[in-house]
Amino acid sequence: MNILITGVAGFIGFSLADDLLNNNKKAKIFGIDNFDDYYSRKIKDLRVKKLKKFKNFKFYKIDIRNRKSVFNFFKNKKFIYIINLAAQAGVRFSQEQPKKYLDVNIFGFINIIDASLANPPKLFVYASSSSVYGDAKNLPVNENFKLNPINVYAATKSINEIIAKFYTNFYKLNFVGLRYFTVYGEWGRPDMFLFKLYKSFHLKKYFYLNNSGDHRRDFTYIKDAINITKRIIFNKNSLQTDHKIFNICSNKPIKIKSIIDFFSKNIGVIKVKKIKRNKLDVKDTHGNNSKVKKYTSFYKFTNFRDGILSSYNWYKDNKIYRM
């Protein structure tokens, strides 16, 4: 069973590949990544090095923006599942380099799809984002809500959904889009809130608290996100030609300053400097997960307090994240 995972050196891509390699002996994972330097390449190298220990994993260094390289890679290959997790991440960075987001997230996405047309997969899964909802007035948001992206990153994810729907209608490809809500946990991105918090604490530096912590995030623990993703991929109903969308979320938003308080009481006091809200950030995220729970029969989400303690203990043992 050949499975392609793009962005395999990234947080979710690596976590999915690692889980499949450990738990599904029938899976042969092909991973591609370009080791973009948005954050430390050393972290990405370490992830891929871990995956390479498995005999049924093959890695290819490819930039999905390079159409010729993508098409050459796909020659004589047949994938049952394609999971596109390659993307230029980061909401705020999209203000600095908007063109890069268009090139990677849109044209790179199209390159992968077009290259697969010669041997279409049974299922094409791709990562969307909770950011497509923007500052929704009525929370929680479900998959039928009108999208309102407020930054370039979110706009590219919204366009990905339009592209997938087009290819479903025109080429009869089978797509599933996953709107991930603030995924955190072991092997996470160092530029995300929690790992920045951990680093500030360890280095005894000030943590700059956006919006004074007066906003909420619907955090989703990585092991829950991967479990749900696998259940969607291997659900027989996913193989019906369609374009499905799912919120991947806990449906339990938490105020950021409450997390600071929990960390200070249970791990150690953090030196905090409160700053104004960044205009590119959505204030509150809160997803309705009733659709995905019914589809996957996954109901037991990790308590956020347990998730914080688990990911923090992992962080302490991985010094590369403090470099």
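Mind checking the full-extension length gain between ASN148 and PHE234? Use 0.36 nm per residue of separation minus the Cα-Cα distance, one decimal, nm. Full extension from ASN148 to PHE234 adds 27.9 nm. Axis of helix 304-316 versus longest Cα principal axis of the chain: the two differ by about 90°, to the nearest ten degrees. Percent of C-alpha pairs per 20 Å bin in the chain, short distances first: 32, 61, 7. Local charge for LYS122 was computed over the other residues whose Cβ lies under 13 Å away, with Lys and Arg +1 and Asp and Glu -1, and equals +2.
Per-residue ellipticity at 222 nm computed for the chain from its helices equals -11000 deg cm²/dmol, with DSSP H segments shorter than 4 residues left out and the rest contributing -39,500 (n - 2.57).
Among the listed pairs LYS52/LYS157; LYS157/LYS205; LYS52/LYS236; LYS25/LYS236, which have their C-alpha atoms separated by more than 23 angstrom in this model? As for pairs spanning more than 23 Å Cα to Cα, those are LYS52/LYS157; LYS157/LYS205; LYS52/LYS236. Using the Cβ-Cβ distance between TYR208 and ASP103 with R0 set to 25 Å, the FRET efficiency works out to roughly 0.25. The angle separating the long axis of helix 41-51 from the principal Cα axis of greatest extent in the chain is about 60 degrees.
Computed extension length for TYR171-SER310: 45.7 nm, one decimal, from 0.36 nm per residue of separation with the Cα-Cα distance subtracted.
Charging the Cβ of each Asp and Glu at -1 and of each Lys and Arg at +1, and nothing else, the dipole of the stretch 150-261 about its Cα centre rounds to 140 debye. Full extension of the chain between LYS55 and ASN23 yields a length gain of 10.2 nm, computed as 0.36 nm times the residue separation minus the alpha carbon distance. Can you figure out the FRET efficiency of LYS293 with ASN138, using R₀ = 30 Å and their beta-carbon distance, to the nearest 0.05? Approximately 0.90, to the nearest 0.05.
Under a model in which nothing but the beta-carbon of Lys, Arg (+1) and Asp, Glu (-1) is charged, the chain shows a dipole of about 660 debye around its Cα centre.
With the simple spin-label model, which puts each label point 7 Å out from Cα in the Cβ direction, the LYS255 to LYS279 separation comes to 2.7 nm. Cross-linked pairs LYS137/LYS276; LYS53/LYS294; LYS273/LYS316: Cα-Cα separations exceed 31 Å for LYS53/LYS294.
Remark: spin-label model distance ILE80-LYS265 equals 4.8 nm, labels positioned 7 Å along the Cα→Cβ axis.
In the stretch 129-163, which trypsin sites (Lys or Arg not before Pro) are in a loop and have at most 13 other Cβ atoms within 10 Å, using DSSP for the loop call? Here the sparse-neighbourhood loop sites are LYS137, LYS146.
Could you state the number of Å between the C-alpha centres of the stretch 88-117 and the stretch 1-49? Using only Cα atoms, the two centres lie 18 Å from each other.
Coordinate-derived values only; no laboratory data. The structure displayed is predicted, hence computed values, not measured ones. Positions of Cβ are backbone-derived with ideal geometry, glycine not excepted, and every protein chain shown enters the neighbour counts.
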